[in-house]
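The values are calculated or read from the model by the stated rules, or taken from the named source; none is laboratory data. The structure displayed is predicted, hence computed values, not measured ones. For neighbour counting, all protein chains shown are included, and Cβ atoms are generated from backbone atoms with ideal geometry for every residue, glycine included.
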Amino acid sequence: MAFLFREKNWIFQVNEIVGADANAYILAFKNMLKNFGWTVKGSSNSVAAGMDGIDRWATVANIVWNAAGAHSWIVLRNPALNGAEFLIDCNDTFFSADVDPDRGMSPSGAFIGGSITARPTAIDEVICPAGDVIRHATSSQIRLHSLQSQDGKHTYSFATNLFSTERLRSIFVFGQLEDTHAAWTPNCICAWDGDDSTGVTIINRFTSSALVAARILGEPVLAWPSYEHKVDGRFVADFFNAPNDLTNEWPHQPVGLVSNTVNRKAKLGRFVDLWFGAPACTPGTTFPSDASRQFAHIGGIVIPWNGTVPVMS
Amino acid sequence: MTMIVLPKPEKLWQFNANQLQTVTGSAAETQARIFVTVKNSLKGFGLAPWTVKGSSDAATAGLDGTDRIVDFTKVVSGGGNHSWIVLKQPGTGLEIVCDFNGAGPYLMTIMMSVNGLFTGGSISARPTAADEVGSGSAVHWLYGNNNVQARIHVLHSSDGQNTFVFVMANIVASLWIFGRAGDAVAPWLKPSIGALGGSAGIVAGAIESFRWLFDNANIAAYEGASMPLFTTIEGFGVDFPTETSLPVQIDQANNITGEWYFHPMGLISNTAGKKGRHGRLIDLWAGAPTLASGDEFPGDGSKKFAVFGEWIVPWNGSAPLVA
């Protein structure tokens, strides 16, 4: 198993209480990205819209959902990543416990247009698969745990809640991979998912589905997280789901990304400073086993941490 | 994990490659000659060669450092008086005993002692070790009771810690993997592993594929007790039994650069009390099934790596022959 060490320096916004409503989560998610230095290229609050740099999502009341008709959207831009942009489009029915916005990216920052009834589009857009970005218990609050590399090239965000034993309710990844083909451009991926409507855990869904948006050879693809696995298909840390008998250490393993799309088949690279861990590991467990809390385990994901005590609900 | 770029071998390798064994007048002679060639190759490396701890030629026996299997005539098979030999890998201290207690030279019992504890033995019984692990009884180590021309390739690291043997007869007829596991977890005090198999016939057998070690715990290891190991490999999706491994799912050159991948393999134990991932294979990769034996990498003619079956190994720049 991989030895935990950080390849990047990170800035953290963790243990953030965002309320118990899905819209509160969406608002906090947007503000988190802005806190990390992302800018708003444009937005709609269902009353006004424009790609004018105005953030019209001041409160949850501005995040209006509508499967047909006026609704909210926002385009956020990461200036550290060649202007790559991320779209959130609230063109669905709102449920307090779970929401399924259209979301996707333009690696070159090409989103244009948009109105109060239609989202902006980009010629290089890649749209993530449909599915809730969060599904949680509205009887308890959501915590948001986010981190971005200091160079701005990697952004991760995870929502936790009492809804499930593993606490993990949403995964967001955006940015570059490491160990990639030099010829693969743009090196930019995104995924935002939290749908366990079929009863599988978030980590199982993330590891068994093509949820990560990318572009290969000029075309959008949906790629799969890849991982060292055993013959029955489960990643190794999940198969054992317990500490190593010889070392008594919890397993964790690096995560790659693979496209299995015809004519675009390739191992694209590796997520930096993100590992899969054993789902049975108590959420909020930190590593190493001293008080430094340099890494934290959340529902099957292991990430760098800021030394504080992780609070999962 | 599968790397995008051509890997750099971790070891410096010595090669005794492309050794030819032609068909002889009898299947038994051909099979015996192949074994003797392998054995002599192991002994013959300039750096850290294997050594003989002892042997039997069915007439005399002893753990006295004498190699009595001087030629094919001394490979005597059978349940009574028969040949065996104990070989020691210098870089790890592991010993293997090749025991010809089967119906012919194409069968042998192969046992390993990671602590080098083989003792005893006679002209009718092999030595044993308190920590021995292995086949337990005579198994196919070659292409069955056939008489087929073969190419023998023996690779041995200069530090004496890792050894591969490929006997090719247009298929992988025999595959030997002995040596040290990479990145072994610290409590695994003797991280030596061993695997030896034969095709058992003249068509591709289980050893042709990386699945030989991936599907079944065919790697012998020892940590206080027998600890058989599986390999792991990078893959995606969990729809077992649908194939999820990368070599099969991307059974082609990648569409971005047109290059092929080398897939490293981890080592896991599912033995109660010894469960976990404990290390990985060194300088042995799985390749796409589409690749052919004799293919080499990179594409500049330097032949730094060779393909045998679904296995990729460092190579010495010569054309890798497969028959």
For this session: Taking the residues in segment B:205-233 that are in contact with a strand residue (DSSP E or B) (Cβ under 7 Å, 6 or more places away or on another chain), of a type in the set (A, V, I, L, M, F, W, C) and over 20 Å from B:SER245 (Cα atoms) as candidates, determine which candidate is farthest from the other protein chains (Cβ to nearest Cβ).
Result: B:ALA220
Exercise. Among the residues of segment B:172-188, is any among the polar types (S, T, N, Q), within 25 Å of B:ALA32 (Cβ to Cβ), in contact with a strand residue (DSSP E or B) (Cβ under 6 Å, 6 or more places away or on another chain) and buried (at least 19 other Cβ atoms within 10 Å of the Cβ)?
Worked result: yes
Problem set entry | Candidate set: segment B:114-151, residues that are in contact with a helix residue (DSSP H, G or I) (Cβ under 8 Å, 6 or more places away or on another chain) and among the aliphatic types (A, V, I, L, M); chosen: the one surrounded by the most Cβ atoms within 10 Å (Cβ to Cβ) | B:LEU142
Problem set entry | Pick from segment A:243-276, criterion within 7 Å of chain B (Cβ to nearest Cβ) and among the aliphatic types (A, V, I, L, M), ranking: nearest to A:ILE202 (Cα to Cα) | A:VAL258
Exercise. Only one of (1) out of contact with any strand residue (DSSP E or B) (no Cβ under 8 Å at 6 or more places or on another chain); (2) more than 8 Å from chain B (Cβ to nearest Cβ); (3) not aromatic (Phe, Trp, Tyr) fails for A:SER208. Which number is that?
Worked result: (2)
Exercise. Taking segment B:242-299 only, how many residues are assigned to a loop (DSSP other than H, G, I, E, B) and among the aromatic types (Phe, Trp, Tyr)?
Worked result: 2
For this session: Would you be able to tell me the number of residues in segment B:52-95 that are out of contact with any Ser or Thr (no Cβ under 8 Å at 6 or more places or on another chain), farther than 13 Å from B:LYS39 by Cα and surrounded by 21 or more Cβ atoms within 10 Å (Cβ to Cβ)?
Result: 0
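Per-residue answers, yes or no, for (1) within 14 Å of chain A (Cβ to nearest Cβ); (2) among the basic types (Lys, Arg); (3) surrounded by fewer than 17 Cβ atoms within 10 Å (Cβ to Cβ):
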site	(1), (2), (3)
B:LYS11	no, yes, no
B:THR24	no, no, yes
B:ALA28	no, no, no
B:ARG33	no, yes, no
B:LYS39	no, yes, no
B:GLY44	no, no, yes
Exercise. Can you spot a residue in segment A:296-312 that is over 23 Å from A:GLU7 (Cβ atoms) and at the interface with chain B (Cβ under 7 Å from one of its Cβ atoms)?
Worked result: no
For this session: Go through the residues of segment A:20-35 one by one and say whether even a single one is modelled with pLDDT of 95 or more, in a strand (DSSP E or B) and either in contact with a helix residue (DSSP H, G or I) (Cβ under 7 Å, 6 or more places away or on another chain) or not aliphatic (A, V, I, L, M) (or both).
Result: no
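So, in segment B:224-233, exactly how many residues are closer than 23 Å to A:GLN253 by Cα and assigned to a loop (DSSP other than H, G, I, E, B)?
Looking only at that region, the number is 2.
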Exercise. Cβ-Cβ below 9 Å, separation at least six or inter-chain, first residue in segment B:263-283 and acidic (Asp, Glu), second in a strand (DSSP E or B): which pairs?
Worked result: B:ASP283/B:TRP13; B:ASP283/B:LEU155; B:ASP283/B:SER157; B:ASP283/B:ASN162; B:ASP283/B:PHE164; B:ASP283/B:GLY182; B:ASP283/B:VAL313; B:ASP283/B:PRO314
For this session: For B:GLY258, work out the one condition from (1) more than 18 Å from the chain's Cα centre (by Cα); (2) over 23 Å from B:VAL322 (Cβ atoms); (3) touching a residue at least 12 places away in the same chain (Cβ under 8 Å); (4) more than 8 Å from chain A (Cβ to nearest Cβ) it doesn't fulfil.
Result: (3)
Problem set entry | Hits in segment A:174-198 - residues which are over 14 Å from A:TYR156 (Cβ atoms), within 14 Å of chain B (Cβ to nearest Cβ) and either within 14 Å of the chain's Cα centre (by Cα) or without any contact (Cβ under 8 Å) to a residue 40 or more places away in the chain (or both) | A:ALA182, A:ALA183, A:THR185, A:THR198
Problem set entry | Subset tally (residues that are touching a Ser or Thr at 6+ places or on another chain (Cβ under 9 Å) and among the acidic types (Asp, Glu)) for segment B:267-323 | 3
Problem set entry | Condition met for A:SER170 (closer than 18 Å to A:PRO254 by Cβ and buried (at least 19 other Cβ atoms within 10 Å of the Cβ)) | no
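Residue by residue through segment A:224-242, note down the ones that are under 18 Å from B:SER245 (Cβ atoms) and more than 7 Å from every other protein chain (Cβ to nearest Cβ).
Matches in segment A:224-242: A:PHE235, A:ALA237, A:ASP238, A:PHE239.
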For this session: Return the total of residues in segment B:264-303 being under 22 Å from B:ARG180 (Cβ atoms) and of a type outside the set (A, V, I, L, M, F, W, C).
Result: 13
Exercise. From the list B:TRP188, B:TRP176, which one is of a type in the set (Phe, Trp, Tyr), outside any strand (DSSP E or B) and either within 14 Å of chain A (Cβ to nearest Cβ) or in contact (Cβ under 8 Å) with a residue 60 or more places away in the chain (or both)?
Worked result: B:TRP188
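Going by the structure shown, is B:ASN18 free of Cβ contacts under 8 Å to residues at least 24 places away in the same chain, surrounded by 14 or more Cβ atoms within 10 Å (Cβ to Cβ) and away from chain A (no Cβ under 14 Å)? Before the answer, list the steps.
Values: free of Cβ contacts under 8 Å to residues at least 24 places away in the same chain: no; surrounded by 14 or more Cβ atoms within 10 Å (Cβ to Cβ): yes; away from chain A (no Cβ under 14 Å): yes.
No; evaluated as a whole, the condition is false for this residue.
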Exercise. Taking B:GLY287, is it within 11 Å of chain A (Cβ to nearest Cβ), out of contact with any Pro (no Cβ under 6 Å at 6 or more places or on another chain), under 28 Å from B:SER135 (Cα atoms) and touching a residue at least 24 places away in the same chain (Cβ under 8 Å)?
Worked result: no
Exercise. Of these, B:GLY287, B:GLY309, B:GLY276, B:GLY301, which one is surrounded by fewer than 19 Cβ atoms within 10 Å (Cβ to Cβ) and out of contact with any Cys (no Cβ under 6 Å at 6 or more places or on another chain)?
Worked result: B:GLY301
Exercise. Taking B:LYS303, is it basic (Lys, Arg), in contact (Cβ under 8 Å) with a residue 12 or more places away in the chain and more than 27 Å from A:THR207 (Cα to Cα)?
Worked result: yes
Problem set entry | Single residue of segment A:89-134 satisfying the filter (among the β-branched types (Val, Ile, Thr) and out of contact with any Pro (no Cβ under 9 Å at 6 or more places or on another chain)) that is surrounded by the most Cβ atoms within 10 Å (Cβ to Cβ) | A:ILE134
For this session: Look through segment B:223-238, keep the residues that are out of contact with any Ser or Thr (no Cβ under 8 Å at 6 or more places or on another chain) and among the hydroxyl-bearing types (Ser, Thr, Tyr), and return whichever of them is surrounded by the most Cβ atoms within 10 Å (Cβ to Cβ).
Result: B:THR231
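Which strands (runs of 3 or more DSSP E) sit wholly inside segment B:25-106 and have at least 1 residues that are among the aromatic types (Phe, Trp, Tyr), at pLDDT 95 or above and touching a Lys or Arg at 6+ places or on another chain (Cβ under 7 Å)?
In segment B:25-106, B:83-88 are the strands (runs of 3 or more DSSP E) which contain 1 or more residues that are among the aromatic types (Phe, Trp, Tyr), at pLDDT 95 or above and touching a Lys or Arg at 6+ places or on another chain (Cβ under 7 Å).
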